[in-house]
Amino acid sequence: MESDKWDIEVDANKSGVSLQLNQLWRYRDLLILFIKRDFSAQYKQTVLGPLWFLLQPVLTAAAYSIVFGLIAGISTGGYPRVIFYLSGVTCWMYFADCVNKTGTTFVTNSNLFSKVYFPRLIVPISVVVSSMMRFLIQSLLLAGFILYYNFNGTSISPNIYVVMIPVLVLLMAVIGLGAGLLISSLTTKYRDLQYLVQFGITLMMYFSPVIFPLSSVKHKWLEIIISMNPMTFIIETFRYAVLGQDGPYQYWTQLGWTSVFAVVLLTIALLVFNRVQRSFMDTV
């Protein structure tokens, strides 16, 4: 008698750092469905709908221009405040979205996970990809502002380093996915961690060059602390590429360390995530 042959074998003992690419490819239609859901559901029943993708960074940049520019008088390196803050906010919002939304993967999808099997990594990856689509839309908005200021006499010259932007986006995606997977694994036991993370992401922003250029930091100890933020040199390089800022913003060595950090973080996160997903239904 021939042994039974299974199309899919679900093994609770599987672990390691695998991204399960073969299973992700098998369930690619579901992945696309989740991406569409994440992208459209957020503003589906709002009055302005997808316009919030554009209004949110613009309103944030305008608020920063008033508070940190006009009131606090923080330098933007000679560039228009709105476009300076918009370039930083665009990067930060993508990173924050990835961490915050993937960080609740197990908790928010527990009902779905308990009813049907599919690779659990599909959910956080769909969040990262759908957030990337928002990032691309907001980047087009940033490009529109650059054109506007150039037409009105303010010289803003993107340079050859714009070819680095896909690499920077990939780094943000990997760091956001790694941090989110790690947090989602821990929140299965410690629910209050998700509130701490939301506060921590907001606090972390003030120790990144979203609202100031790194060159304006005068204290060495503070510069070291800010440099420890993995987003610091990603934002600085992105801003250097699209605005052509003057100064030593070609942080190749630091970007190398950021890349190493991203790989190590994702590796650890996959180890923990793959271990927790085997029994998370017992604790969620």
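The values are calculated or read from the model by the stated rules, or taken from the named source; none is laboratory data. Every value quoted in this text rests on a predicted model; they were computed, and no experiment measured them. We place every Cβ from the backbone using ideal geometry, glycine too, and count neighbours over all the protein chains shown.
List of remarks:
- Phe238 within 21 Å of Cys98 (Cα to Cα), surrounded by fewer than 18 Cβ atoms within 10 Å (Cβ to Cβ), modelled with pLDDT of 85 or more and hydrophobic (A, V, I, L, M, F, W, C): no
- Qualifying residue in region 100-110 (condition: hydroxyl-bearing (Ser, Thr, Tyr), closer than 23 Å to Thr237 by Cα, at pLDDT 80 or above and surrounded by 12 or more Cβ atoms within 10 Å (Cβ to Cβ)): no
- Among (1) closer than 13 Å to Phe118 by Cα; (2) modelled with pLDDT of 85 or more; (3) not charged (D, E, K, R), the one test that Ser65 misses: (1)
- Filter pass, Gly73 being more than 25 Å from the chain's Cα centre (by Cα), outside any helix (DSSP H, G or I) and of a type outside the set (Phe, Trp, Tyr): yes
- Of Met172, Met133, Met204, all but one fail to be in a helix (DSSP H, G or I), under 16 Å from the mean Cα position of the chain (by Cα), over 25 Å from Ser40 (Cβ atoms) and not small (Gly, Ala, Ser); the exception is Met204.
- Qualifying residue in region 99-112 (condition: more than 17 Å from Val242 (Cβ to Cβ), among the hydroxyl-bearing types (Ser, Thr, Tyr), assigned to a helix (DSSP H, G or I) and free of Cβ contacts under 8 Å to residues at least 12 places away in the same chain): yes
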